[in-house]
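The values are calculated or read from the model by the stated rules, or taken from the named source; none is laboratory data. Just so you know, these numbers come straight off a predicted model, no measurement behind them. FYI the Cβ positions are ideal-geometry reconstructions off the backbone, even for glycines, and counts take in every protein chain you see. We work out accessible area using only protein heavy atoms, side chains counted, and drop any ligands, DNA or RNA first. Shrake-Rupley method; radii C 1.70, N 1.55, O 1.52, S 1.80 Å.
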Amino acid sequence: MYGGRPKKLTFLILIALFLALLIFRLAPELKTLYPIGQDTQQYLLAAKNFVRIPITTPYPLLYNILGLLYYFGVDVAIVMKVLPAVMYGILGISIFVFCHKSLNWDSSKSCICASIICFSPVTLRISFELHNQFFSLIIFFILMAFLDKYMESARFLYRRDVMFLLGIVLLGFSHWFTAIFLLYILTCQTIIKTVLILRGKISESKVLIKLVLACVVLIASCLIGYILILYPFKPDVRGSLFHVDSKRTVSWLCQLLFYSYYVNIIFAITGIMCKQSVLYMFSFPILGILLWLVSGFSFILPVERYVWLLVFSLGIFTTNGIYKIVHWTCSTRMTTTLRIFSRLRLRIPLELGLRMFLIVVVTTLLLWHSLSMSQIILPPDFLGEAPYTFPGNILYNGILCRDMKHFDRLVRFVNNVTTSKDLIITHYTISGWIYYYTNCQVARLNDVAFSDSFIIISSDHSIEIHHVTAKDVNELITIVKKLHFSRIYFIDAYGKITKILPLERVRLIYTDGPFSVYILKSS
């Protein structure tokens, strides 16, 4: 039983929730032939490189799953159109389970909470391209759902404990940021339990041992899944208050918070809970934002990741706030008029109807917010210019949707004139797409604004990394010439690299829409 409801009814609710979220997430994918999200191309690139280099990236679990699929002949581009939608539905179920198991909510309240969180434009934004992190969030909520039972279990390393620790290992290999999120919660729990034991308020030390063991397993998983791969991470210093443009930076942060949560805020304040696990979920991103503001070092990741992470705790607060407001509305003197119907035995149906009406109205408001921000139904300029977190071309994947037909012709042209011994140099925003859909080796050129741009050269035997300045294209040409490629091409999209190309050394051989192809004259 879930909240007194038959299990069969609960199962039907979960199926309906899954299908609703699946369709919601699949809708933008149906607008284009290619998977959406700029970072999605990195998953295609990693899958294609899997046979030669199985683990070359941090948090490799999803990358290697896709690599195995590609190895067995599956088109990963099709997988990446369907898989995010499936994960979206599964996330809703995992949040439902967390609300029921950890917060002891009934099935209707748990379902509404999962809907509020998953229909949020912030959650939708995460799912567009942060697939590793989204995958890890599913594992995170399942672990959080059973954290209390893991700590309260009378046996040590019982089957349930082993499953919980295996889930922690999977989380460590899925995404280190979400793993640190869980590590923060486990650490807070450990500190509190230690204080209670020292004060003599609890005598059960087995709980403390279990928490420490979970922390150790999680840290070890992160080390194996991330640090030992020697992934070069760099702190993001864009947000320091000591930056010369600090007013603009803080203004941008305030806009981001407003656009993300202005619908939730009143209900969230009303529904703040004292449940420790939810307060920890709220305090971790707040801590990250504060550290970002003070030092400019955003725990390695940019601050928007912390802002997006607030959607889960605020979603829980919002749901609780809605129920509190509805309960208050239906139990105060505002409903004294309902007493007139008490003699007619209509008061209870009317109260239930009022509760349902208020919940539907609020949920519809949140859904409208999500649809308007995600540009699925409403026109792009409906809310004016929003922060880049919700761009007008929300389906952006390095190539605008209206230019997909030009991209198709570009791919056919490149495959007709090139061989596997040729090299293509292009901007990082489309390098993954070019690499996946063509037979050439591809070098990725970062934005000209970056002083530490790097190029990844793919060859038949290895991937070589060369650090160069993006503006120094002549140095770039010198490097790639030493690798003995037959011909060297430059593919430009939206003028990203045309402005830095030495036009006297290249020849234009193709142009169509925003795409141009150049060939190095000396090759």
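Worth pointing out:
- Computed from label points 7 Å out along Cα-Cβ, the spacing between residue 194 and residue 257 is 3.1 nm.
- Phi to ³J(HN,Hα) by Karplus 6.51 cos²θ - 1.76 cosθ + 1.60 over region 212-224, Hz, x for Gly, Pro: 5, 4, 4, 5, 5, 4, 5, 5, 4, 5, 5, 4, 6
- Relative protection proxy for 507-520, 116-129, from highest mean packing down: 116-129, 507-520 (other beta-carbon atoms within 10 angstrom).
- Rounded to whole Hz, the Karplus (6.51, -1.76, 1.60) HN-Hα couplings of region 171-181, x for glycine and proline: 5, x, 8, 8, 6, 5, 5, 5, 5, 5, 4
- Placing +1 on the Cβ of every Lys and Arg and -1 on the Cβ of every Asp and Glu, with nothing else charged, gives region 70-228 a dipole about its Cα centre of roughly 480 debye.
- Amide H to amide H distances under 5 Å link residue 441 with 422, 424, where only residues 5 or more positions off or on other chains count and H is placed in the peptide plane.
- Residues in region 82-94 carry Karplus couplings, in order, of 9, 4, x, 5, 5, 4, 4, x, 5, 4, x, 5, 5 Hz; the curve used is 6.51 cos²θ - 1.76 cosθ + 1.60 with θ = phi - 60°, and Gly or Pro positions show x.
- Whether region 70-158 is rounded, prolate or oblate, judged on the alpha carbon gyration tensor where a/c under 1.5 counts as rounded: oblate
- Residue-level accessible surface for residue 306, protein heavy atoms, 1.4 Å, Å²: 0 Å²
- Estimated inter-spin distance, residue 286 and residue 481, nm [label 7 Å along Cα→Cβ]: 6.0 nm
- Accessible-area order (highest first, 1.4 angstrom probe) of the listed residues 31, 421: 421, 31
- The order of 43, 259, 494 by accessible area, most exposed first and with a 1.4 Å probe, is 494, 259, 43.
- Pairs of alpha carbons in region 3-151 whose separation is greater than 18 Å (percent): 60 percent
- Listed residues 142, 172, 87: farthest to the positive end of the dipole of region 67-182 (Cβ charges): 142
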